[in-house]
Amino acid sequence: MDKLEAKHNTNDVVLKMQNVRKSFNTGLPNEVEILHGIDLILKRGEFCAVVGPSGSGKSTLLNIVGLLDRPTEGSLSICGEETTRMDDHALTRVRGHNIGFVFQFHNLLSAFSALENVMMPLLGEAEFPNKEMTERAAMLLDSVGLTPWRDQPAYQLSGGQQQRVALARALAMNPALLLADEPTGNLDTKSADAVFELLRKVSREQGMTVLFVTHDPSLAARCDKTIKVVDGKVVDDKEVDDKVVS
C-alpha cells in the first residue's frame with residue numbers, strides 16, 4: 001500500500017489517480033503537457049472543491065476523472081476499477097454507472113419536459129421508458145423541489161430550475177462520484193446558493209463523493225476539502241478548517 005492510500009480504507013476509495021499526465025499533440029513539435037503527475041485520492045462521501053486560476057488544468061483534470069478523455073501516462077481507478085487500459089465500451093459502462101455530471105451550461109433538451117430530461121440516463125438501460133424509470137425520475141425531481149414543474153419543457157424553466165433538473169439527471173444512476181464544473185457560474189447569488197446546498201445535501205445523505213470546480217472562494221470554503229491546481233499540478237490538497245465549513 002502506497003503512502004497516498006495508507007490513510008484510507010480501500011473500500012472507501014472512489015477515485016485514485018497516480019502520476020497522471022496529459023499531453024496534447026503528442027509526438028509533434030508543438031506537444032504540450034497540461035497535467036504534470038497528478039496524485040489524488042478521494043474517498044466516499046467527500047465534498048471537494050477544485051480551485052485555481054484559468055488555464056491551470058482544472059477542466060482537463062475533470063475530463064480525465066470523468067473518463068471523457070484519457071491520460072497520456074499514469075493510472076486512474078474509479079470504484080476500484082483501473083480504467084486506463086479499458087476500451088471505449090468498458091469506459092462507457094464505468095462512466096454510466098459510477099459518474100454523474102453537472103455542467104455550468106445545463107445541457108438539457110429544451111423541448112423535453114423536466115421529467116423526460118431526468119429519464120435520459122435511465123434509457124441507456126432499456127429500449128423504452130417504463131414505470132420504474134418514470135417513478136425514479138419523479139422521485140428525483142421531488143428531491144430537488146421541482147414536482148410542480150415536472151411536465152414543463154426545459155426552456156420554460158428558470159436558470160436555477162434548469163440546474164436543479166440537471167442535478168436530478170446526474171443522480172439518475174445513483175453514481176458514486178458526481179462531477180460539477182462551475183455549476184453555479186451562470187446563476188444569481190440566491191439560485192447559486194440553493195444549487196450548492198442541494199449538492200451538499202445529496203453528498204451527505206447518499207454518501208456520494210462530489211468534485212466541484214469553482215472560482216468562488218466563498219463556496220470553496222464551505223467544502224470539506226480544497227484541491228488547488230496551478231500550472232497542471234496539485235499544489236494544495238487539504239481539508240477545510242472545521243470552523244469554516246457550514
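The values are calculated or read from the model by the stated rules, or taken from the named source; none is laboratory data. Computed from a predicted model, the values in this text were never measured in an experiment. So basically every Cβ, Gly included, is an ideal-geometry build from the backbone, and we count neighbours across all protein chains shown.
Anything in segment 130-153 that is among the polar types (S, T, N, Q) and either buried (at least 19 other Cβ atoms within 10 Å of the Cβ) or modelled with pLDDT under 90 (or both)? List them, or say none.
Taking segment 130-153 first, the residues among the polar types (S, T, N, Q) are 130, 134, 143, 147, 152.
Within segment 130-153, Asn130, Ser143 meet the criteria.
Return only the number of the condition from (1) surrounded by fewer than 15 Cβ atoms within 10 Å (Cβ to Cβ); (2) over 19 Å from Leu211 (Cβ atoms); (3) touching a residue at least 60 places away in the same chain (Cβ under 8 Å) that Glu33 does not satisfy.
In the conditions (1) surrounded by fewer than 15 Cβ atoms within 10 Å (Cβ to Cβ); (2) over 19 Å from Leu211 (Cβ atoms); (3) touching a residue at least 60 places away in the same chain (Cβ under 8 Å), Glu33 misses (1) alone.
Give just the number: which of (1) surrounded by fewer than 16 Cβ atoms within 10 Å (Cβ to Cβ); (2) part of a helix (DSSP H, G or I) does Asn174 not satisfy?
Single failed check for Asn174: (2).
Condition check ((1) modelled with pLDDT of 90 or more; (2) aliphatic (A, V, I, L, M); (3) surrounded by fewer than 14 Cβ atoms within 10 Å (Cβ to Cβ)) across all residues:
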| site | (1), (2), (3) |
| --- | --- |
| Glu205 | no, no, yes |
| Thr209 | yes, no, no |
| Phe212 | no, no, no |
| Ser218 | no, no, yes |
| Thr226 | yes, no, no |
| Asp231 | yes, no, yes |
| Val235 | no, yes, yes |
| Glu239 | no, no, yes |
| Asp242 | no, no, yes |
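Among the numbered criteria (1) in contact with a helix residue (DSSP H, G or I) (Cβ under 8 Å, 6 or more places away or on another chain); (2) under 30 Å from Gly27 (Cα atoms); (3) not aromatic (Phe, Trp, Tyr), which single criterion is violated by Ser158?
(2)
Quick check on Leu211: is it in a strand (DSSP E or B) and out of contact with any Lys or Arg (no Cβ under 7 Å at 6 or more places or on another chain)?
Yes, satisfied.
Specify which of the listed residues (Ala192, Ala166) is part of a helix (DSSP H, G or I), closer than 14 Å to Gly100 by Cα and in contact with a Pro (Cβ under 9 Å, 6 or more places away or on another chain). Reasoning before the result, please.
Numbers: Ala192 fails: closer than 14 Å to Gly100 by Cα.
Checking each option against the conditions leaves just Ala166.
Looking at His89, His97 in this structure, which one is assigned to a helix (DSSP H, G or I), surrounded by 15 or more Cβ atoms within 10 Å (Cβ to Cβ) and out of contact with any Leu (no Cβ under 7 Å at 6 or more places or on another chain)?
Numbers: His89 fails: surrounded by 15 or more Cβ atoms within 10 Å (Cβ to Cβ).
Of His89, His97, the one residue that is assigned to a helix (DSSP H, G or I), surrounded by 15 or more Cβ atoms within 10 Å (Cβ to Cβ) and out of contact with any Leu (no Cβ under 7 Å at 6 or more places or on another chain) is His97.
Every residue, every condition in (1) in contact with a helix residue (DSSP H, G or I) (Cβ under 7 Å, 6 or more places away or on another chain); (2) at pLDDT 95 or above; (3) assigned to a loop (DSSP other than H, G, I, E, B); (4) surrounded by fewer than 14 Cβ atoms within 10 Å (Cβ to Cβ), yes or no:
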{"residue": "Gly27", "(1), (2), (3), (4)": "no, no, yes, yes"}
{"residue": "Gly45", "(1), (2), (3), (4)": "yes, no, yes, no"}
{"residue": "Cys48", "(1), (2), (3), (4)": "no, no, no, no"}
{"residue": "Ser56", "(1), (2), (3), (4)": "no, no, yes, no"}
{"residue": "Leu61", "(1), (2), (3), (4)": "no, no, no, no"}
{"residue": "Leu76", "(1), (2), (3), (4)": "yes, yes, no, no"}
{"residue": "Asn117", "(1), (2), (3), (4)": "yes, no, no, no"}
